[in-house]
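J.: Would you mind keeping the following structure in view while I ask a few things?
Computed from the coordinates by the stated procedures, all read-outs in this text should not be read as laboratory data. The shown structure was predicted, so the numbers you read here are calculated from the model rather than taken from an experiment. Here Cβ is always computed from backbone atoms with ideal geometry, including for glycine, and neighbour counts include all displayed protein chains.
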Amino acid sequence: MKKLLVLLVALLSVGVWFEAAAQKEDKPTKEKKAKGDDAAKKEAAKKDAEKAEKKAEKDTAKKEAAKKDAEKKDAEKAEKKAEKAAKKAEKDTAKKEAAKVEKKAESKADKDEKKAKKDKETVADRVNDKPKKEVEKKTPTFKSNKNDNSSEAAPATRTKIAGVDKALGKDDKGRTIYQGPRGGQYYINSNGNKIYLKTEDKQ
């Protein structure tokens with residue numbers, strides 16, 4: 001009986017020992033497995049991080065390319081705008097220059113016209129002044145047509161119509177008598193017509 005009990009205790013001890021040994025062997029395997037899983041997770045995380053980094057780099061490159069394209073387009077737009085502004089400025093300058101030249105030409109033409117008018121009036125005055133002096137010396141009085149009571153034309157009209165014809169004096173109605181190139185004597189009425197004197201009324 002004692003032997004059987006000793007044998008049973010021995011078997012039990014051996015079983016406990018085997019179980020402990022087995023547990024010792026299982027522990028490292030589990031630890032190794034856990035360590036292996038952690039390494040795999042770290043590797044996967046590392047790969048994911050690398051992928052994310054590459055993706056970020058690609059996105060950054062795309063953004064940079066898009067930014068450069070936008071800058072290029074903006075620069076082209078600005079250049080076109082500047083060209084349009086320059087062309088408009090040239091047109092405006094050309095218009096201003098043309099207007100300036102035109103104004104200058106008009107001003108010169110006006111001055112020339114005024115000068116010519118003044119010269120003409122001066123010549124007419126000289127022509128008229130000489131006979132006036134002679135008239136003042138001689139002061140002849142011409143007989144007027146009794147049937148014509150029309151007034152004399154304005155001085156400007158007389159100067160225009162008489163031209164370089166000589167003023168001889170005045171008739172009894174105060175109208176200036178001119179001598180034509182063929183010797184005829186006339187006055188200019190208010191309608192601007194030359195009214196010639198009769199032969200017997202001439203001087």
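J.: Can you give the extra length, in nm with one decimal, that the chain gains between Asp112 and Val6 once fully stretched, where that is 0.36 nm per residue apart less the Cα-Cα distance?
T.: Difference between extended and current length: 22.6 nm.
J.: Just list whichever of Lys173/Lys194; Lys143/Lys194; Lys96/Lys117; Lys117/Lys160; Lys68/Lys88; Lys160/Lys202 have alpha carbons separated by over 20 Å in the model shown. Show your work: numbers first, answer last.
T.: Working: Lys173/Lys194 16 Å; Lys143/Lys194 16 Å; Lys96/Lys117 31 Å; Lys117/Lys160 11 Å; Lys68/Lys88 30 Å; Lys160/Lys202 23 Å.
In this structure, Lys96/Lys117; Lys68/Lys88; Lys160/Lys202 exceed 20 Å between Cα atoms.
J.: Please report the net charge: other residues with Cβ closer than 12 Å to the Cβ of Asp69, K and R +1, D and E -1. Show your work: numbers first, answer last.
T.: Values: positive: Lys62, Lys63, Lys67, Lys68, Lys72, Lys73; negative: Glu64, Glu71, Asp74, Glu76.
Local charge sum for Asp69: +2.
J.: Take Asp110, Asp165 and order them by how many other Cβ atoms sit within 10 Å, fewest up front.
T.: Asp110, Asp165
J.: If I model a spin label at Lys100 and Asp74 as a point 7 Å from the Cα along the Cα→Cβ vector, what separation in nanometres do I get?
T.: Using points 7 Å along Cα→Cβ, the separation is 3.8 nm.
J.: Treating only the Cβ of Lys, Arg, Asp and Glu as charged (+1, +1, -1, -1), what charge dipole size does segment 140-203 show about its Cα centre? Round to the nearest 20 debye.
T.: 100
J.: Order the peptides 172-182, 95-105 from the highest to the lowest mean number of other Cβ atoms within 10 Å of their residues. Could you put the intermediate results ahead of the total?
T.: Working: 172-182: 15.7, 95-105: 10.0.
Top of the packing list down: 172-182, 95-105.
J.: Determine the gain in length on full extension of the stretch Ala86-Lys47; use 0.36 nm per residue of separation and subtract their C-alpha separation, reporting nm with one decimal.
T.: 8.3 nm
J.: Name the shape class, rounded, prolate or oblate, that the alpha-carbon gyration tensor gives for segment 140-203, where a ≥ b ≥ c are the square roots of its eigenvalues, rounded holds for a/c under 1.5, and otherwise prolate holds if a/b is larger than b/c and oblate otherwise.
T.: Oblate.
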